[in-house]
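Below: one structure, written as structure tokens.
The values are calculated or read from the model by the stated rules, or taken from the named source; none is laboratory data. Every value quoted in this text rests on a predicted model; they were computed, and no experiment measured them. Cβ placement follows ideal geometry from the backbone for every residue including glycine, while neighbour counts extend to all protein chains displayed. These area figures cover heavy atoms from the full protein model, side chains too; ligands, DNA and RNA do not enter into them. Shrake-Rupley method; radii C 1.70, N 1.55, O 1.52, S 1.80 Å.
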There are 2 protein chains.
Amino acid sequence: MTEIDAAIAFILNGHQQFMAHLSLDCAILGYHDQQVKILLIRYNGHQQWGLPGGPIRHEEPISVAANRIAEETTGISGLFLQQFHTFGDSPYRVHHRTVQDLERLIQPDALGIKIKKDNWLLGRQITIGYYALVDYQQVSVRTNLFVEEYRWWDIDQVPELLFDHNDMVTKALQTVRLHLYHQPIGANLLPPKFTLPEIHFLYESLLAKSLDRRNFPKKLFALGLLNKLDERRFIGPHRSPYLYEFNKANYEKALEEGIVLVI
Amino acid sequence: MTEIDAAIAFILNGHQQFMAHLSLDCAILGYHDQQVKILLIRYNGHQQWGLPGGPIRHEEPISVAANRIAEETTGISGLFLQQFHTFGDSPYRVHHRTVQDLERLIQPDALGIKIKKDNWLLGRQITIGYYALVDYQQVSVRTNLFVEEYRWWDIDQVPELLFDHNDMVTKALQTVRLHLYHQPIGANLLPPKFTLPEIHFLYESLLAKSLDRRNFPKKLFALGLLNKLDERRFIGPHRSPYLYEFNKANYEKALEEGIVLVI
DNA sequence: CATATATTACGTAGTTTTTACGCAATAAAG
DNA sequence: CTTTATTGCGTAAAAACTACGTAATATATG
């Protein structure tokens with residue numbers, strides 16, 4: 001079966017496999033060049049960008065669906081994923097999608113099909129939002145028939161997105177910030193070994209406020225989250241910073257029991 | 001149309017009005033006798049208790065659905081409601097509900113109807129969880145054809161519930177506790193005027209830990225959340241405590257901007 | 001009417017935590 | 001060897017928090 005045949009089957013008979021009216025979208029966050037980034041996609045035939053997402057299979061746990069969709073997008077399995085909100089309030093998510101709306105979305109003429117009034121993709125779309133925190137360097141994105149383009153965007157330069165996706169990005173970021181104070185989240189956004197300035201700037205970028213360079217690491221040490229390594233990173237014409245890793249045992253414990261980080 | 005006719009119409013043709021496979025449940029929390037309570041219901045023909053919930057109309061914003069369901073249960077409109085999680089991972093929410101499952105739930109013989117294989121209530125049920133914080137004294141519950149009994153339960157004495165509802169109660173409470181540190185929540189659980197010991201015990205009950213009687217009010221004062229009134233409550237053979245109310249302006253501001261309460 | 005009992009109201013000393021910031025160590029370039 | 005930019009570590013001052021003492025009530029009791 002070609003990719004086009006698969007697309008046609010999905011549009012016409014996807015309801016045999018997937019739930020109608022409920023989808024799942026992922027806010028995939030990474031960190032690079034002292035900037036928090038979000039991975040957005042441009043769907044075929046669309047000018048505007050949006051969050052990667054997809055439908056949920058009939059007997060698929062929703063966390064499994066989130067992993068599947070995040071893996072389809074990033075190529076990485078077993079990502080750190082957390083549900084942050086379910087969206088069903090904005091006009092886009094309340095009013096029914098009409099045949100005309102859907103035709104604009106998927107351009108059936110190009111596929112040689114017709115959208116009937118009872119198509120499963122019509123009606124309202126409620127969507128469950130998950131955020132993923134990923135090591136930027138590991139991600140390799142791929143396009144497919146539905147997805148024309150992928151791009152990482154600086155979190156504070158996200159353009160006007162499809163539907164209510166700007167609201168979703170805002171809510172995802174709010175949730176990440178709240179979680180940051182109560183869970184050790186950094187490990188998912190950083191490579192396994194990192195320097196103190198690196199994690200320091202990560203937290204500054206995420207919280208969008210400045211943290212004292214000398215006091216910030218003390219708080220992480222106090223929680224026992226970091227192991228100092230006997231290696232340094234070479235950073236050119238300056239003193240070489242030591243490398244650190246997360247203390248796995250304490251990190252797991254903190255994830256389970258929660259922390260209170262006052263910064 | 002009698003109540004029974006309405007029930008039959010709902011079971012057979014509810015999909016014309018309501019979304020299939022997606023529902024909404026409310027964890028309604030109150031406070032009385034120095035105990036955090038949750039309002040549970042026992043559905044007709046069931047031994048076990050569960051959270052009040054219901055389906056979502058086709059063009060109904062989900063927050064409106066939450067308000068409707070919470071109001072149907074408590075008789076109070078405009079409750080403080082917050083979404084806390086969407087449940088679609090447990091076996092109950094992954095595997096399809098069969099004709100037999102549904103017959104056990106609604107006992108169609110008593111209604112003189114038959115459940116067909118394509119009934120809209122079959123299949124999986126994903127549910128969106130909202131918690132409500134209510135002034136216990138204002139609630140007046142009513143039963144109907146589907147609901148046999150209502151009861152307030154102490155939050156630490158909740159029995160084994162239907163499906164995954166115990167998980168939902170746990171998650172609701174976790175979320176309330178987290179929110180308690182970042183939002184002024186007390187106003188929704190207390191009558192308009194209350195004493196310091198009253199709000200003190202409320203927080204102790206919610207967090208299930210003891211807070212110093214003399215230090216706790218200082219933190220609320222520091223946030224500017226309370227107004228001292230020139231009235232006292234009569235509590236019998238002891239010194240009469242002053243009454244307080246929430247400072248509306250600061251309360252609203254705190255709700256919007258968030259607070260950091262370290263207790 | 002003095003005393004006992006239980007509770008609220010309020011303050012404050014001592015301790016801990018946090019903040020702000022100084023300065024030495026380092027790495028390379030000129 | 002000096003300059004520049006950065007990391008690493010420490011510490012004094014300020015702020016916050018904790019623990020707890022004691023006075024003020026309100027009523028019942030003998």
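For segment B:191-257, just the Cα atoms, rotate onto the principal axes and tell me the three extents in Å, largest first.
Principal-axis extents of segment B:191-257 (Cα, largest first): 42, 30, 19 Å.
With unit charges on the beta carbons (Lys and Arg positive, Asp and Glu negative) and the dipole taken about the Cα centre of chain A, which residue among A:TYR131, A:GLN35, A:ALA70 sits farthest to the positive side?
A:GLN35
Which value, in debye to the nearest 20, describes the size of the charge dipole of segment B:146-263 about its Cα centre when Lys and Arg Cβ atoms bear +1, Asp and Glu Cβ atoms bear -1, and nothing else is charged?
Here the size comes out at about 800 debye.
What FRET efficiency, computed as 1/(1 + (r/R0)^6) with R0 = 35 Å and r the Cβ-Cβ distance, is obtained for A:GLU257 and B:ASN250, rounded to the nearest 0.05?
Once the sixth-power term is evaluated, E becomes 0.65.
Under a Cβ-Cβ cut-off of 11 Å, what is the net charge of the residues other than A:LYS37 that fall near it, where Lys and Arg count +1 and Asp and Glu count -1?
Around A:LYS37, the surrounding residues sum to -2.
DSSP loop (so not H, G, I, E, B), at most 10 other Cβ within 10 Å: list which chymotrypsin sites (Phe, Trp or Tyr not before Pro) in segment B:227-263 pass both filters.
When the chymotrypsin sites (Phe, Trp or Tyr not before Pro) of segment B:227-263 are filtered for loop state and at most 10 Cβ neighbours within 10 Å, B:PHE234 remain.
Could you check which residue among B:ARG57, B:ARG93, B:ARG233 shows the biggest mean-square fluctuation in a GNM of chain B with a 10 Å Cα cutoff?
Of B:ARG57, B:ARG93, B:ARG233, the Gaussian network model singles out B:ARG233 as fluctuating most.
Expressed in nm², what is the orientationally averaged projection area of the convex hull enclosing the Cα positions of segment A:68-170?
Spelled out: convex hull of the Cα atoms, projected over all directions, averaged, 7.9 nm².
Restricting to Cα pairs below 8 Å that are 6+ residues apart, what does the relative contact order work out to for chain B? Please round to a whole percent.
Worked out over chain B, it gives 23 percent.
Roughly how big is segment A:3-180's charge dipole about its Cα centre, with Cβ charges of +1 (Lys, Arg) and -1 (Asp, Glu), in debye to the nearest 20?
Using only the charged Cβ atoms, the result is roughly 340 debye.
Compare the Cα positions of A:LEU122, B:LEU255, A:LEU12 along the charge dipole of the protein assembly as shown (+1 at Cβ of Lys, Arg; -1 at Cβ of Asp, Glu; about the Cα centre) and return the one farthest towards the positive end.
The residue sitting most towards the positive pole is B:LEU255.
Can you give me the pair-distance distribution of the protein assembly as shown, C-alpha pairs, 10 Å bins, whole percents?
3, 16, 24, 24, 19, 10, 3, 1, 0
By the scheme Lys and Arg +1, Asp and Glu -1, what is the net charge of all other residues having a beta-carbon under 10 Å from that of B:ASN144?
Once all neighbours under 10 Å are counted, the net charge is -2.
Calculate the FRET efficiency for A:LYS228 and A:ILE76 from the Cβ-Cβ distance with a Förster distance of 25 Å, rounded to the nearest 0.05.
About 0.35, to the nearest 0.05.
Compute the FRET efficiency between A:ALA208 and B:ALA110 as 1/(1 + (r/R0)^6), taking r as their Cβ-Cβ distance and R0 = 51 Å, and round to the nearest 0.05.
Once rounded, the FRET efficiency stands at 0.30.
Nm distances between the label at A:THR2 and the same-position labels in the remaining copies, 7 Å along Cα→Cβ, shortest first?
Its label point is 6.2 nm from the equivalent points in the other copies.
If you average over every viewing direction, what projected area does the convex hull of the Cα atoms of segment B:154-209 give, in nm²?
4.5 nm²
Compute the accessible area of each residue in segment B:49-70 twice, once for its chain alone and once with every protein chain present, using a 1.4 Å probe on heavy atoms, and list those whose area falls by at least 30 Å².
Buried on complex formation: B:HIS58, B:GLU59, B:PRO61, B:ILE62.
Just the number, please: carbon plus sulfur as a percent of the accessible area of the protein assembly as shown, 1.4 Å probe, no ligands or DNA/RNA counted.
50 percent
Excluding A:HIS96 itself, what net charge comes from residues whose Cβ is under 14 Å from its Cβ, given Lys and Arg +1 and Asp and Glu -1?
+1
Report the Cα-based extents of segment B:74-130 along its three principal axes, largest first, to the nearest Å.
Reported extents, whole Å, longest axis first: 40, 30, 16.
Quick one, what does Rg over Rh come out to for segment A:1-74 if you take C-alpha atoms and the Kirkwood Rh?
When Rh is taken as the Kirkwood radius, the ratio is 1.03.
Show that you can apply the helix-only estimate: for chain A, add -39,500 (n - 2.57) for every DSSP H stretch of four or more residues, divide by all residues, and state [θ] at 222 nm to the nearest 500.
-9500 deg cm²/dmol
Treating chain B as a set of equal point scatterers at the Cα positions, no solvent, please give the Debye-formula log₁₀ I(q)/I(0) at q = 0.09, 0.16 Å⁻¹.
Reported log10 I(q)/I(0), two decimals: -0.47, -1.21.
Nearest 100 Å² is fine: how much accessible area is buried between A and B, summed over both sides, with a 1.4 Å probe?
About 2100 Å² of accessible surface is lost on pairing.
Name the helices (complete DSSP H segments) of chain B with a Cα length along the long axis of 27 Å or more and a Kyte-Doolittle mean of at least 1.6, or state none.
Going by DSSP H runs, there are no hits.
Can you tell me the dipole magnitude for segment B:191-257 around its Cα centre, using point charges on the Cβ only (Lys, Arg +1; Asp, Glu -1), in Debye to the nearest 20?
320 debye
In the structure shown, do any of B:LYS228/B:LYS248; A:LYS218/B:LYS209; A:LYS218/A:LYS248 have a Cα-Cα gap over 21 Å, and if so which?
Listed pairs above 21 Å: A:LYS218/B:LYS209.
At 1.4 Å probe radius, can you tell me the per residue accessible area of segment B:3-180 in Å²?
Result: 45 Å² of accessible area for each residue.
Identify, among B:HIS200, B:ASN227, B:SER240, the residue whose Cα sits farthest towards the positive end of the charge dipole of segment B:191-257, taking +1 on the Cβ of Lys and Arg and -1 on the Cβ of Asp and Glu, with the dipole about the Cα centre.
Checked the options; the winner is B:SER240.
Please report the antiparallel percentage of DSSP beta bridges with both residues in the protein assembly as shown, rounded to the nearest 5.
Counting only bridges with both partners in the protein assembly as shown, antiparallel ones make up about 80 percent.
What GluC sites (Glu not before Pro) does segment A:1-96 have in DSSP loop regions with at most 15 other beta carbons within 10 Å?
Within segment A:1-96, the qualifying GluC sites (Glu not before Pro) (loop, at most 15 other Cβ atoms within 10 Å) are A:GLU59.
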